[in-house]
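**Q** Okay, here's the structure, questions in a sec.
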Amino acid sequence: MLVLETDEPHPDTQKEKGSFGEILNELLVDAGEAHNPKLAIETAMQYIVEPEGGQIPKKDEIMEDIHAILITGSEWDAHGNDEWIHKLMNLIKRESHEVPI
């Protein structure tokens, strides 16, 4: 699973628990272990808020072994006019038929 991080946790939380991607990875791995039969879950994480140094992946940069994409919530407005949000929306539109989001 590819986790696209659109925000960062509070600094105290991040220091204690890690990024949103790391927190989700731990929860998903634990859920896979508790499942019967067990599920092997692996996550790749990418911070995507471009004004803060992140980068939206291009379709051809998403590895073939990615079977799902999870996008975290954030303080950003999904209907905003920020260029990186438009890039993300275009990625979602293109990927939605190939990879569950």
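**Q** I'd like to know if the range 70-82 contains one or more residues that are surrounded by fewer than 12 Cβ atoms within 10 Å (Cβ to Cβ) and modelled with pLDDT of 90 or more.
**A** no
**Q** Output the number of the condition that ASP30 fails; it satisfies all remaining conditions of (1) over 16 Å from LEU4 (Cβ atoms); (2) among the acidic types (Asp, Glu); (3) at pLDDT below 90.
**A** (3)
**Q** When you scan the range 48-57, how many residues do you find that are farther than 14 Å from ASP7 by Cβ and without any contact (Cβ under 8 Å) to a residue 12 or more places away in the chain?
**A** Of the residues in that region, 1 qualify.
**Q** Continuing with the same structure: For residues that are touching a helix residue (DSSP H, G or I) at 6+ places or on another chain (Cβ under 9 Å), in contact (Cβ under 8 Å) with a residue 24 or more places away in the chain and within 27 Å of LEU27 (Cα to Cα), tally how many sit in the range 75-101.
**A** Of the residues in that region, 4 qualify.
**Q** Sticking with this structure for a sec: Take the range 2-51 and flag every residue that is surrounded by 14 or more Cβ atoms within 10 Å (Cβ to Cβ) and acidic (Asp, Glu).
**A** Result: GLU5, ASP7, GLU8, GLU22, GLU50.
**Q** Here's something else I'd like to know. Do the conditions hold for ALA44, that is, is it over 15 Å from the mean Cα position of the chain (by Cα) and aliphatic (A, V, I, L, M)?
**A** no
**Q** Answer yes or no: is there a residue in the range 66-73 that is small (Gly, Ala, Ser) and within 14 Å of MET1 (Cα to Cα).
**A** yes
The values are calculated or read from the model by the stated rules, or taken from the named source; none is laboratory data. Only a predicted model underlies this, so the values are computations on that prediction, with no experimental measurement involved. Positions of Cβ are generated from backbone atoms using ideal geometry, with glycine treated the same way; all protein chains shown enter the neighbour counts.
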